[in-house]
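*Asks:* Mind having a look at this structure? Questions to follow.
The values are calculated or read from the model by the stated rules, or taken from the named source; none is laboratory data. Everything quoted here is computed from the prediction, not taken from an experiment. Cβ atoms come from the backbone with ideal geometry, glycine included; neighbour counts cover every protein chain shown. In case anyone asks, the SASA skips ligands and DNA or RNA and just uses the protein heavy atoms, side chains included. Shrake-Rupley method; radii C 1.70, N 1.55, O 1.52, S 1.80 Å.
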Amino acid sequence: MTTTVPITSKLPDIGVSIFAVQTRLANEHKAINLSQGFPDFDCDPALVDAVAKAMRDGHNQYAPMPGVLALREGIAAKVEHLYGPTLDPMTEVVVTSGATAGLFATLTTFVQPGDEVVLFEPCYDSYVPVIRLSGGTPVFISLRYPDYSVNWDEVRRAITPRTRAILVNTPHNPTGTTWSADDMRQLASIVDGTNIILIGDEVYEHIIFDGRRHESLLRYPELRDRAVVISSFGKTFHTTGWKVGYCVGPQPLIAEVIRVHQFMTFTVHTPSQIAFAEFVKKDPAATALTPFYQKKRDLFLQLTAGSRFRPLPCGGTYFQLFDYSAISNEKDKEIAHRLIVEHRVASIPVSAFLYKDGGGPVLRFCFAKKDETLRAAAERLVKI
Ligand code: PMP
Ligand code: GLN
């Protein structure tokens, strides 16, 4: 169909998400899909049973608008257990349709036209469109290739009277870096005495390797009193398709996020929330997840060790970056395309997460895959 109505796009320069593009191309060419971040193995069958039971027990209508109370209580208990603060589950937790909706609600809540939001690039693809839709201006700090560390002096220089928020993502997608306690101290010294809000995308909080500690904004009183922290059960329970996440923070901030949330989705899939409530209470720290993914990372590194792809350090998330400069001087989008078409392995070009800088010669591979998938992919990668 067509239309005679003139349309003014609100996001004229934003194309189809790189995840949709690469997954479609991977399927078209029957490539092994290590591009979009999702497991190719199933979640715990007991979790599926718990959702089915909730459905059979008749929990098939709207949940309370901010979320099933048992789940909000579970989230509050988990946060206290892991990071220290005591949250009021009635007013300081809201369950959202994945972290994506949590980020959307939080950014649209706080970003007003003319506001600036400081971001660290490469950055996850949903942040910038939402900031722009809210009339805000993204201010990019380039993480320093190849270790993707933060130049804190650059952050200091980027702060202006218009800075409304700083968006922090640790463990970091796509680079797999994690922030240290020193990074948190630097951040605290920058926001001290300002009105800057912190937005923490901590969806990979339980996927952190080699004995590192997840440095949540919630650990630090001087950070959490101005922070909304967002997480996702999709990553923690291998259920990316269920789209359940949450935001937590001080009551005055969450009250405003809830104002927006109630007109985005109003409330989230009830049976899934009931099931997650049970599972979060049972094991708030998701203890098995870190060793599970660390083994996968190590296997993938071992399998690709003989290739010309050079791995960059991965301290968390389920993404591994590889430098491909020993193979080609193509642009990352070109080589990523060629890898799918000629070698039938799909990855993500890291430049898709960049706005200001060109970045390094790096591709992102997702290792949230069955061992046999990783083996089959590595067999192809070592031949390139
Ligand atoms: N933030 C980051 C850094 C992510 O990697 C993702 C998804 N992979 C999200 C947010 C969105 O999470 P969800 O699928 O729960 O919406
Ligand atoms: N977060 C996932 C990734 O980084 C994908 C999410 C999506 O498809 N929007 O690959």
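*Asks:* Of Lys235/Lys295; Lys78/Lys295; Lys53/Lys235; Lys10/Lys356; Lys243/Lys370; Lys30/Lys369, which sit over 27 Å apart, Cα to Cα?
*Replies:* Cα-Cα > 27 Å for no pair; all within.
*Asks:* Can I ask one more? Could you give the length gained on full extension between Ala20 and Lys282, defined as 0.36 nm per residue of separation minus the Cα-Cα distance, in nm?
*Replies:* 90.9 nm
*Asks:* Can you work out the PRE-style zone for Asp192? Point 7 Å along Cα to Cβ, and I want the residues of the stretch 133-170 with backbone N under 15 Å.
*Replies:* Under 15 Å, as judged by backbone N against the label point of Asp192, lie 156 of the stretch 133-170.
*Asks:* A further question follows. From the backbone phi of the stretch 120-134, what are the Karplus-calculated ³J(HN,Hα) couplings (6.51 cos²θ - 1.76 cosθ + 1.60, θ = phi - 60°) in whole Hz, Gly and Pro given as x?
*Replies:* Each residue of the stretch 120-134 in turn: 10, 10, x, 10, 4, 6, 7, 5, 5, x, 6, 4, 5, 4, 8 Hz.
*Asks:* Distance from the Cα centre of the stretch 1-59 to that of the stretch 356-384, in angstrom?
*Replies:* Taking the Cα centre of each part, the stretch 1-59 and the stretch 356-384 sit 20 Å apart.
*Asks:* Ile258 accessible area, nearest 10 Å², 1.4 Å probe?
*Replies:* Counting only protein heavy atoms, the figure is 20 Å².
*Asks:* Which percent of the accessible heavy-atom area of the stretch 46-282 goes to carbon and sulfur, probe 1.4 angstrom?
*Replies:* Ligands and nucleic acids excluded, carbon and sulfur reach 53 percent.
*Asks:* From largest accessible area down, sort Trp242, Trp179; use a 1.4 Å probe on the protein chains.
*Replies:* Most to least solvent-accessible, the answer reads Trp242, Trp179.
*Asks:* Please compute the net charge surrounding Val93, taking Lys and Arg as +1 and Asp and Glu as -1 over other residues with Cβ under 9 Å from its Cβ.
*Replies:* It works out to a net charge of -2.
*Asks:* Say a paramagnetic label sat at a point 7 Å from the Cα of Val382, along Cα to Cβ; which residues of the stretch 293-318 have their backbone N under 17 Å from it?
*Replies:* So the set is 297-311.
*Asks:* Measuring from centroid to centroid over Cα atoms, what is the spacing of the stretch 83-124 and the stretch 302-331 in Å?
*Replies:* First find each Cα centre; the distance between them is then 32 Å.
*Asks:* HN-Hα J couplings of the stretch 243-249 from phi, Karplus 6.51/-1.76/1.60, θ = phi - 60°, integer Hz, Gly and Pro as x?
*Replies:* Calculated HN-Hα couplings, in order: 6, 10, x, 7, 10, 10, x Hz.
*Asks:* A follow-up question, please. Need the full-extension length gain, Leu301 to Asp125, defined as separation in residues times 0.36 nm minus the C-alpha distance. One decimal, nm.
*Replies:* 60.8 nm
*Asks:* So for Tyr204, Tyr62, what's the accessible-area order with a 1.4 Å probe, most first?
*Replies:* Tyr62, Tyr204
*Asks:* Taking H as built 1.01 Å from N, whose amide H comes closer than 5 Å to the amide H of Ile141, not counting residues under 5 places away?
*Replies:* Leu119, Phe120, Glu121
*Asks:* Once you list every other residue whose beta carbon is under 13 Å from the beta carbon of Met65, what net charge do they have if Lys and Arg are +1 and Asp and Glu are -1?
*Replies:* +2
*Asks:* Using packing as a proxy for protection, rank 13-26, 48-61 so that the peptide with the highest average count of other Cβ atoms within 10 Å comes first.
*Replies:* 13-26, 48-61
*Asks:* So how much slack lies between Glu334 and Gln251, counting 0.36 nm per residue of separation and subtracting their Cα-Cα distance, in nm?
*Replies:* 25.2 nm
*Asks:* Between beta-carbons, use under 10 Å as the cut-off and find the net charge around Pro361, counting Lys and Arg +1, Asp and Glu -1.
*Replies:* Local net charge: -1.
*Asks:* Need the C-alpha centroid separation for the stretch 180-194 versus the stretch 204-282, integer Å.
*Replies:* Result: 22 Å between the Cα centres.
*Asks:* Roughly what would the spin-label model give for Met90 and Asp357, points 7 Å off Cα along C-beta, in nm?
*Replies:* Here the answer is 4.8 nm between the modelled labels.
*Asks:* Right, another one. Search the structure for amide H atoms under 5 Å from the amide H of Ser149, placed 1.01 Å from N in the peptide plane, and list their residues when 5 or more places away or on another chain.
*Replies:* Arg144
*Asks:* Sorted by accessible area with a 1.4 angstrom probe, largest first, how do Asp153, Asp183 fall?
*Replies:* Ranking Asp153, Asp183 by accessible area, largest first, yields Asp153, Asp183.
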